[in-house]
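Notes follow once the structure below has been shown.
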């Protein structure tokens with residue numbers, strides 16, 4: 001099956017801890033994205049990458065970091081600098097760098113202990 | 001003012017009803033328009049994708065774009081309980097960045 005996978009489904013973070021969310025796609029898409037979804041606020045772009053070894057900040061990049069070492073993988077690290085990390089995190093990919101049609105993974109819910 | 005406005009609902013309708021979901025936007029440079037369906041605790045699923053003004057139909061779904069009024073709609077005919085979800089509109093700016101509405105929660109009761 002082709003698609004986007006995210007793991008884990010649920011993740012718990014302790015104070016001062018960095019955590020990494022996994023995103024893998026086997027669609028051979030060039031572009032990948034990370035969004036954060038909070039109730040009543042819609043999806044907000046954290047980081048995006050249009051090509052391997054290159055990525056750009058989105059609207060709310062502070063407290064997050066990413067890497068794009070392989071075309072199929074785009075992990076997101078939520079660092080201790082992110083003071084309000086509780087949210088639903090969504091990874092997406094797009095077949096063209098234009099990013100007009102994005103396809104989403106199932107999401108990871110991050111909770112703070 | 002947000003670039004994309006969408007009524008959060010909830011919108012509650014009986015099975016078989018015609019549903020109308022709407023978004024307004026302020027940026028006339030938006031080029032592509034999309035509708036996503038999101039079930040609770042799941043990722044959004046792309047439903048419809050349109051570029052120009054006018055209507056696009058896919059089964060029970062019709063997407064309508066009116067660029068002159070900066071208004072897009074999604075119509076669902078013969079609505080089913082399985083259509084109960086949150087519907088997100090999205091549009092791309094000239095930099096190909098997607099701007100999302102906050103979503104409208106739809107409930108279709110039997």
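The values are calculated or read from the model by the stated rules, or taken from the named source; none is laboratory data. Predicted model, so just to flag it, every value in this text is computed and none were measured. Ideal geometry is used to build each Cβ from the backbone, glycine not excepted, and the neighbour counts take in all protein chains shown.
Worth pointing out:
- Which numbered condition residue B:50 misses (of (1) within 14 Å of chain A (Cβ to nearest Cβ); (2) modelled with pLDDT of 95 or more; (3) within 13 Å of the chain's Cα centre (by Cα)): (2)
- Strands (runs of 3 or more DSSP E) wholly inside the range A:1-104 that include at least 2 residues being touching a strand residue (DSSP E or B) at 6+ places or on another chain (Cβ under 8 Å), at pLDDT 95 or above and surrounded by 15 or more Cβ atoms within 10 Å (Cβ to Cβ): A:4-7, A:19-25, A:31-38, A:42-51, A:64-66, A:76-78, A:87-94
- Scanning the range B:73-99 for residues that are assigned to a strand (DSSP E or B) and closer than 16 Å to residue A:94 by Cα yields a total of 5.
- Complete set of residues in the range B:2-41 that are assigned to a loop (DSSP other than H, G, I, E, B), at pLDDT 95 or above and within 12 Å of another protein chain (Cβ to nearest Cβ): B:39
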